[in-house]
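*Asks:* Shown below is the structure under consideration.
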Amino acid sequence: MVGPLPVSAHTGAVQSEPAQGEHPQDRPPGVAGSEAVSRIPRIPKVAELVADVIRAQIVSGELREGDALDSEAVLLDRFGVSRGTLREAMRMLEADSLISTTRGVRGAQVHTPSPRGLIRGAALLLQYQGAGYADLYRALGAIEATAIEELIARQPADAFDELDALNEQAHAVIDDPRAHAEEALRFHQRLVELTGNRTLTLFSSIANEIVRSVRIPRARPGNPHVTRWDAEHHDVVRLMRERRTGEALGCWRAHIESNFRALEHATGDDEVDLFKATAG
């Protein structure tokens, strides 16, 4: 069940925004009109309150991935709001990638929070700030270097086994440029996930998805670097097992730089439009 929205103590109706214009009786004693207005906190729109209730249900797990929201008629009755207000709330949730609607299907489908809702916004912000692909890829490499150090310190044998298995999967498709690039990116992401650090994993997943949007369309047969990159993935796992931190980090930094330089050569420079790359 959707929880109750804030309601007026006098009427029991859903509280909405105050009417425009200032009323003298609303001013605190001894405060001039303009000063009183500057102190009044912003009151959320009713649509925002409706969206917040549904967001809270998704975050708490009451609504799960793939669940369908109730029909518009049921939600209108439950919230006691206008159709326009409810639809505005649905647009807010859709903009947050928390629901999606399909023509002919009754009820919006729920999606749990994931990095996919942040990728285009992050790409847009990076592009606006003038942070090119080089900046992004090297930052991702720094996150992965932190993961390497942590895994070396912890020595989780099962994690190294999993990374070796991912390398074998990538090697099996080395003659298929796009499939190999996809498998290589899975290795990069899993390397960070295995640390168990959720914040690093979130940042890494956003960066990796932007990198994926740039790299996959540019994967071409005959890349002379692929065999070496494949070997470097195997080498870094071996060095982590052997606790050779400096060599592992050196191997990884060289790997990141080589990957970037290859893309730079393929595009002519590092001016890749990250926002456009994520459009697909």
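*Asks:* Does residue 214 satisfy the criteria of being surrounded by 16 or more Cβ atoms within 10 Å (Cβ to Cβ), β-branched (Val, Ile, Thr) and either over 19 Å from residue 155 (Cα atoms) or in contact with a Lys or Arg (Cβ under 9 Å, 6 or more places away or on another chain) (or both)?
*Replies:* Values: surrounded by 16 or more Cβ atoms within 10 Å (Cβ to Cβ): yes; β-branched (Val, Ile, Thr): yes; either over 19 Å from residue 155 (Cα atoms) or in contact with a Lys or Arg (Cβ under 9 Å, 6 or more places away or on another chain) (or both): yes.
When the stated conditions are applied, residue 214 passes them.
*Asks:* Report yes if residue 160 is over 19 Å from residue 254 (Cβ atoms) and either of a type in the set (Phe, Trp, Tyr) or not assigned by TED's automatic domain parsing to the domain that holds residue 251 (or both), otherwise no. Can you show your working first?
*Replies:* Numbers: over 19 Å from residue 254 (Cβ atoms): yes; either of a type in the set (Phe, Trp, Tyr) or not assigned by TED's automatic domain parsing to the domain that holds residue 251 (or both): yes.
Yes; evaluated as a whole, the condition is true for this residue.
*Asks:* Residue by residue through the range 123-136, note down the ones that are touching a residue at least 40 places away in the same chain (Cβ under 8 Å) and part of a helix (DSSP H, G or I).
*Replies:* 123, 124, 126, 127, 133, 134, 136
*Asks:* Return the residues of the range 60-86 that are part of a helix (DSSP H, G or I), surrounded by 12 or more Cβ atoms within 10 Å (Cβ to Cβ) and not polar (S, T, N, Q); say none if nothing qualifies.
*Replies:* Taking the range 60-86 first, the residues part of a helix (DSSP H, G or I) are 60, 72-79, 83-86.
Narrowing the set further to residues that are surrounded by 12 or more Cβ atoms within 10 Å (Cβ to Cβ) leaves 72, 74-76, 78-79, 85-86.
Residues satisfying the conditions are 72, 74, 75, 76, 78, 79, 86.
*Asks:* Continuing with this model, one more query. Considering each of 106, 120, 116 in turn, give the residue that is at pLDDT below 95 and outside any helix (DSSP H, G or I).
*Replies:* Working: 120 fails: outside any helix (DSSP H, G or I); 116 fails: outside any helix (DSSP H, G or I).
Being at pLDDT below 95 and outside any helix (DSSP H, G or I) holds for just one of 106, 120, 116, which is 106.
*Asks:* Would you tally the residues in the range 174-192 being part of a helix (DSSP H, G or I) and either modelled with pLDDT under 95 or over 17 Å from residue 119 (Cβ atoms) (or both)?
*Replies:* Keep residues of the range 174-192 that are part of a helix (DSSP H, G or I), which gives 177-192.
Now narrow it down to the ones that are either modelled with pLDDT under 95 or over 17 Å from residue 119 (Cβ atoms) (or both): 177-181, 183-184, 187, 190-191.
Here the count works out to 10.
The values are calculated or read from the model by the stated rules, or taken from the named source; none is laboratory data. For clarity, every value in this text was computed on a predicted model and none was experimentally measured. FYI the Cβ positions are ideal-geometry reconstructions off the backbone, even for glycines, and counts take in every protein chain you see.
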